[in-house]
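Okay, structure first, notes after.
The values are calculated or read from the model by the stated rules, or taken from the named source; none is laboratory data. Computed from a prediction, not measured in an experiment: that's the story for all the values here. Don't worry about glycine lacking a Cβ; one is built from the backbone with ideal geometry, like all the others, and counts go over all protein chains shown. Note: accessible area is taken over every heavy atom of the protein model, side chains too, but ligands, DNA and RNA are not part of it. Shrake-Rupley method; radii C 1.70, N 1.55, O 1.52, S 1.80 Å.
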Amino acid sequence: MRWPTSEQRNTGGRLALEIVTLTSSALFAGAALYISLVAHPARCALASALKNTLEAKKSDIKAALFEWNDSYQRAAPLQIFYAVVAGVGGLCNTFVLGKGEAWAWGGGLMLANVPFTLLCMVPVNNELKARARAAADMNKTALMAHRTAGMEEPVVEEGEEEVGKGEPELQRTTTCFRSWSLTGGSFTQDLLEVWGNLHMVRTWLGLSGFLVLVSQLVATAHSRKRNGLM
C-alpha cells in the first residue's frame, strides 16, 4: 500500500473543501426554497383565511404564529451555519487557494444573507417572537383561570388586540417595511407576510450563490479532466 503523495493530499483537500462548500450552499438554498414556497405560505394561509372579515378566527392566527415561532427556533441556527460555511469556503477557495473568482462571488452571495438578516429581518423576527410569547402567556393565564373555576375546556378568545398589535416602539421599527405591505394597525398576519417577502430575498441570494458555485465546480471538473487529474 502506497501513501498518497503531498500533491495528491493537497488535491484531495481542495476537492473536499469544494464539496463542503457546495453541499452547504445546496442545503441552505434547498431549505430556504422550501420555507418560501411551502412552509410559510401554508402558515400565512392559515392566518389570513378570514383576515378581511369581522369573524376572523383568533385561534388560526395564534396557531400560525406559534408554528412560525417553533419553526424559526429550529431553522435559524442551521441556516446561519450553512450560509457561513458556504460563504467562508467560497472565499477560501479564491483568496487562499487561488482558484477562480466565481468561488468568491458565490461565497459572497451566501454570506450576504447574514447582514441582510441582521439589518432587515431581525426587527420583524423580534416582534413576531414577542407576540408569540404574549399569546402563549395569555393562553397559560386563561387555562389556569378556567381550571380554577372548574371548567373542563378553556376557551381562549381574549387578547386578540395583544396578538394583533405590537408595542408602539416595535410598530415604529417595522413601519420602514411598508413597501412590503405592512399597513394599518400592523396585524400579525401582515407581519407574517412581511417576513415571507423578506425571506424570499434570502432564498434568491441562496439560490444565486448555489448556482454560481455549481457552475464553477463544473468548470473546475472539466479543467481537471482535460489535464488528466481526474
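Looking only at the stretch 35-58, filter to residues that are open to solvent by 30 Å² or more (accessible area, probe 1.4 Å) and closer than 12 Å to residue 187 by Cβ; which one of those is modelled with the highest pLDDT? Of everything passing the filter in the stretch 35-58, 48 is modelled with the highest pLDDT.
Within the stretch 82-116, track down each residue that is assigned to a helix (DSSP H, G or I), touching a residue at least 40 places away in the same chain (Cβ under 8 Å), open to solvent by 30 Å² or more (accessible area, probe 1.4 Å) and within 14 Å of residue 206 (Cα to Cα). 82, 85, 105, 108, 109, 116, listed by residue number. Residue count for the stretch 200-215, restricted to those that are open to solvent by 30 Å² or more (accessible area, probe 1.4 Å), over 12 Å from residue 108 (Cβ atoms) and at pLDDT 95 or above: 6. Within the option set 137, 70, being charged (D, E, K, R), surrounded by fewer than 17 Cβ atoms within 10 Å (Cβ to Cβ), modelled with pLDDT of 90 or more and part of a helix (DSSP H, G or I) holds for one residue only, 70.
Per the conditions (1) at pLDDT below 60; (2) charged (D, E, K, R); (3) within 30 Å of residue 26 (Cα to Cα), the sole criterion not satisfied by residue 162 is (3).
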